[in-house]
Amino acid sequence: MSSFTRPNNLALLTHFLQTVSDARTSRNAPLLASLLSADPFYILQNDLMLSLRSELSSNPTALQSRTDKILGDEWMGFTELVAAYLKYVLALDPAVLYDTGTSRTWHGCLKTYMGAINPAFNSPQGVVLVPLVKGTAALLTSAALRIDAQIGDPRFGCSHAAMNVLLRTFNSTLGERTLASGAPTMQTLGKKAATLRIANLLFKLYFKLNQIRLCATIHTNINAASIPSYLHLYPKSDRCAYTYYLGRHHFFNAHFTTALSTLTTSYNLTRPTDTTQRRLLLLYMVTSALILGKFPSATLLARPEARGLAHMFYPVCRAIRLGDFRGFRHALGDEGPDTWRRQWWVRRELYIALRNRCQILLWRGLIRRTWLITRPPVLSAAQVAEGVKAAPPTVGMWQILVLVRFLHRVPGEAQGQGQGGNPLFLGAEEEDTDDDDADGGEEEEDGEGRDEGGYFGLKVNMVDVESAIVSLCDQGFIKGYIARQATGPLIVLGRSGAFPAVAEIYNSSRWKAEGDESGSEEGAGAGGGGVNPFAAMAAGGGRVVNLSGARAVGQRAF
């Protein structure tokens with residue numbers, strides 16, 4: 001339905017411009033946004049707009065003069081904005097509705113129109129253009145992404161052009177200085193009412209263009225403008241999208257604690273019927289929680305949006321719990337018959353995070369499992385009565401090395417090559433050295449050199465085992481120390497709580513500062529009191545995580 005009626009004796013262009021002038025004078029923002037809508041369906045399927053196009057094409061030279069005469073120059077940039085809109089309407093090709101070949105030309109005209117909106121929006125009177133800015137920016141972004149996908153542009157030309165224009169719009173929203181005193185409302189926010197919408201559109205473009213690091217600038221500017229303090233005033237859809245992209249940014253930076261909190265806030269803002277959005281959020285939430293030592297519960301993975309996720313995540317959880325490196329590679333699809341798993345993780349951008357961040361979890365799970373298998377029997381009541389004291393629990397590092405080598409064996413390699421028998425019982429080992437020859441070195445005399453298959457090209461020896469143990473003890477994931485004895489090096493564990501729950505370690509003050517500088521407060525006040533779906537997650541032993549900045553497990557220090 002049109003926003004202006006057909007005149008009896010006035011030229012349609014003159015009546016259109018007068019209607020725009022009246023809407024500007026009365027500061028009718030919704031009417032102004034409707035009159036200057038760039039939606040091609042609105043323009044090409046509306047009889048009055050088609051008549052306006054016909055009138056403009058018959059006398060295009062009068063466009064600028066008539067616009068200047070009716071609108072005047074009271075508002076800097078507004079006359080140019082309306083003139084740019086009329087030129088956009090005149091240049092709009094009806095073939096854009098069904099022919100993708102004209103889409104790029106149309107997007108160029110739309111970008112020019114959006115560029116003309118920015119100067120008018122940047123003026124003191126520009127707050128009335130907030131609905132127009134939000135609608136046109138959304139159209140520009142969605143069209144850019146769709147056109148680049150249709151034509152297969154490897155350089156994403158339309159998306160880059162849209163990003164540059166929207167960045168200027170975003171800066172204009174932050175320049176608003178008319179915020180009223182007292183409790184703010186959506187009406188008193190001024191241009192900042194469009195900040196979150198424009199930020200979300202920029203985030204969408206950044207993620208599509210693989211320029212995620214640019215998100216930090218947007219977050220910093222939003223925090224500097226004190227927008228998180230009244231984030232609750234924005235529409236729920238804008239808050240949900242903003243916390244989602246903020247959580248994804250934290251996930252990208254390996255700030256998993258902050259990512260989980262922010263993504264949970266976004267998850268609680270979605271409606272139960274939005275299963276597609278909730279599933280997308282759940283993927284990153286479960287991955288973040290898993291890296292933090294919290295395994296998903298059966299109740300969580302039984303939700304409609306989690307259909308099929310248990311089949312993907314439970315093998316990963318089981319491998320981490322047992323320290324099963326080979327089972328972990330099978331769960332990720334690096335080995336085994338289910339190679340499709342790898343592509344599933346890669347397409348959802350979870351593969352790298354799981355592969356890199358779960359290595360330390362696997363090491364601790366393996367050490368814990370080794371201790372459970374090799375620990376001596378508990379003292380009987382009679383021995384305790386006689387005053388017999390149990391020796392401190394220990395784990396032989398040679399036993400760990402043998403298990404790690406077995407689990408890192410190259411797929412298809414003959415077991416116990418040159419030895420025969422179970423590779424778990426290969427007997428004594430030659431002492432490892434720190435020499436890494438360029439040609440891989442000579443084989444050990446007992447044939448163990450042939451068993452040193454690597455995962456991601458890493459050869460496993462005692463230096464790697466010791467490096468992993470020192471890292472685990474230093475980060476507090478294992479309470480103990482390394483003791484060197486004549487029979488070989490040992491891990492001497494604490495008598496109680498030798499393997500504290502990883503979730504509890506991350507809740508300690510040591511890791512509280514992680515991600516604080518990136519705006520972790522946004523996720524706290526945006527949810528409106530939602531429920532944390534990870535509160536019921538299991539957090540028992542055998543769950544380990546690696547922190548951002550920690551040296552990768554097995555990396556040689558010398």
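The values are calculated or read from the model by the stated rules, or taken from the named source; none is laboratory data. Please read all numbers here as calculations on a predicted model, not as lab measurements. We place every Cβ from the backbone using ideal geometry, glycine too, and count neighbours over all the protein chains shown. SASA here: full protein model, heavy atoms, side chains in, ligands and nucleic acids out. Shrake-Rupley method; radii C 1.70, N 1.55, O 1.52, S 1.80 Å.
Solvent-accessible area per residue for segment 134-214 at a 1.4 Å probe radius, Å²?
Heavy-atom SASA per residue in segment 134-214 reads 43 Å².
Straight-line reach from Lys191: which lysines fall under 17 Å, measuring Cα to Cα and dropping same-chain residues less than 8 apart?
Lys134
Can you work out D for segment 272-330 in µm² s⁻¹ from Stokes-Einstein, where Rh is the Kirkwood radius over C-alpha pairs, the temperature is 4 °C and the viscosity is 1.567 mPa s?
Roughly 108 µm²/s, to the nearest whole number.
Given a Förster distance of 45 Å, report the FRET efficiency between Asn59 and Thr25 from their Cβ-Cβ distance, rounded to the nearest 0.05.
Result of the calculation: an efficiency of 0.95.
Pick out, in residue order, every one of the trypsin sites (Lys or Arg not before Pro) in segment 128-226 that is DSSP loop and has at most 13 other C-beta atoms within 10 Å; say none if there are none.
Those that pass, being in a loop and sparsely packed, are Arg155, Arg177.
Express the carbon and sulfur contribution to the solvent-accessible surface of segment 164-260 as a percent, rounded to the nearest whole number, probe 1.4 angstrom.
Summing carbon and sulfur atoms, their accessible area is 52 percent of the total for segment 164-260.
Would you mind working out the accessible area per residue for segment 235-346, using a 1.4 Å probe, and quoting it in Å²?
Here the residues of segment 235-346 average 36 Å² of exposed surface.
Near Lys389, which lysines are there with a Cα under 29 Å away, not counting those fewer than 8 places off in the same chain?
Lys479
What shape does segment 143-263 have by the C-alpha gyration tensor, where a ≥ b ≥ c are the square roots of the eigenvalues, rounded means a/c under 1.5, and otherwise prolate means a/b greater than b/c and oblate the rest?
Oblate, since a/c reaches 1.5 and b/c is not below a/b.
Over segment 1-149, with every protein chain in place, what whole percent of the accessible area is carbon and sulfur at 1.4 Å, could you tell me?
That share works out to 54 percent.
Within the accessible area of segment 285-377, what % is carbon and sulfur when the probe is 1.4 Å and the other protein chains stay in place?
54
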